[in-house]
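J.: Below is the structure I would like to discuss, written out as structure tokens.
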Amino acid sequence: QKEVEQDPGPLSVPEGAIVSLNCTYSNSAFQYFMWYRQYSRKGPELLMYTYSSGNKEDGRFTAQVDKSSKYISLFIRDSQPSDSATYLCAMNLYAGGTSYGKLTFGQGTILTVHP
Amino acid sequence: DVKVTQSSRYLVKRTGEKVFLECVQDMDHENMFWYRQDPGLGLRLIYFSYDVKMKEKGDIPEGYSVSREKKERFSLILESASTNQTSMYLCASSPPARELFFGEGSRLTVL
């Protein structure tokens, strides 16, 4: 079983729809949760970052973390064609006094928003 | 803005060739990483480094080596390229235990 599970999709929605992307994880020690967006033929770029349960909002994007259920979500409101990309969830452990903390990624969900 | 630069965006090599992938970051980050990304498999960590001349194996280090002689530069080396190493290679850097900043990737094709 993978530590982080993410439905690869593909997911196709009309412009203006609300999109929900989800990941589940098995390691309760994960403390930091991120969403990356990756456009075709580009490297991933950080979209949102959180380390606590609850919601975090940034414009049309909301990241939700439920540590009790080991479940994270990314919601996109009023989706646009420019949101078409692969969305990757990622998480890492609290490294304490050590200086490194490698991320564990989900498989990525391919999203297409059509006009 | 953080900038992670990968020297080659597209490479075509032949089986058995030695391949160098270079990565430079400009944010004085301690940590640097090499991932490969394949359809259906997501990102898999090859090697990472948390200090100059320090390196740790990731999940799939076989067939690869790395070099970090300077803090800003992290190189991935394929000693003898094989066709199953055809992939997208992503370099990243980060402060300790925080989010990664990625380069644009190097797409390697081994014939």
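What follows is calculated from the coordinates using simple rules that are stated; it is not laboratory data. Note that the coordinates shown come from a computational prediction; the quantities given were computed from them, not determined experimentally. Counting neighbours? That spans all protein chains shown, and the Cβs are built from the backbone with ideal geometry, glycine included.
J.: Give segment B:1-57 a look and list any residue that's buried (at least 17 other Cβ atoms within 10 Å of the Cβ) and among the hydroxyl-bearing types (S, T, Y), or say none.
T.: Listed by number, the residues that qualify are B:Y35, B:Y47, B:S49, B:Y50.
J.: Which of the residues spanning segment A:10-42 are touching a residue at least 60 places away in the same chain (Cβ under 8 Å) and on the phi > 0 side of the Ramachandran plot?
T.: Once the filter is applied, which keeps residues that are touching a residue at least 60 places away in the same chain (Cβ under 8 Å) and on the phi > 0 side of the Ramachandran plot, segment A:10-42 yields only A:G16.
J.: Kindly provide the set of residues from segment B:19-34 that are in contact with a strand residue (DSSP E or B) (Cβ under 7 Å, 6 or more places away or on another chain) and not aliphatic (A, V, I, L, M), ordered by number.
T.: B:F20, B:E22, B:C23, B:Q25, B:H29, B:N31, B:F33, B:W34
J.: Can you pull out the strands (runs of 3 or more DSSP E) entirely within segment A:7-115 that have at least 1 residues that are more than 10 Å from every other protein chain (Cβ to nearest Cβ) and surrounded by fewer than 16 Cβ atoms within 10 Å (Cβ to Cβ)? Write out each step before concluding.
T.: Values: elements: A:11-14, A:19-25, A:30-38, A:45-50, A:54-58, A:61-66, A:71-76, A:85-93, A:109-114.
In segment A:7-115, A:11-14, A:19-25, A:54-58, A:61-66, A:71-76, A:109-114 are the strands (runs of 3 or more DSSP E) which contain 1 or more residues that are more than 10 Å from every other protein chain (Cβ to nearest Cβ) and surrounded by fewer than 16 Cβ atoms within 10 Å (Cβ to Cβ).
J.: Of these, B:S106, B:S75, B:S67, B:S82, which one is more than 14 Å from B:R36 (Cα to Cα), within 12 Å of the chain's Cα centre (by Cα) and not aromatic (F, W, Y)?
T.: B:S67
J.: Taking strands (runs of 3 or more DSSP E) that do not extend beyond chain B, which have at least 2 residues that are touching a residue at least 40 places away in the same chain (Cβ under 8 Å) and facing chain A (nearest Cβ under 9 Å)?
T.: B:4-6, B:31-38, B:87-94
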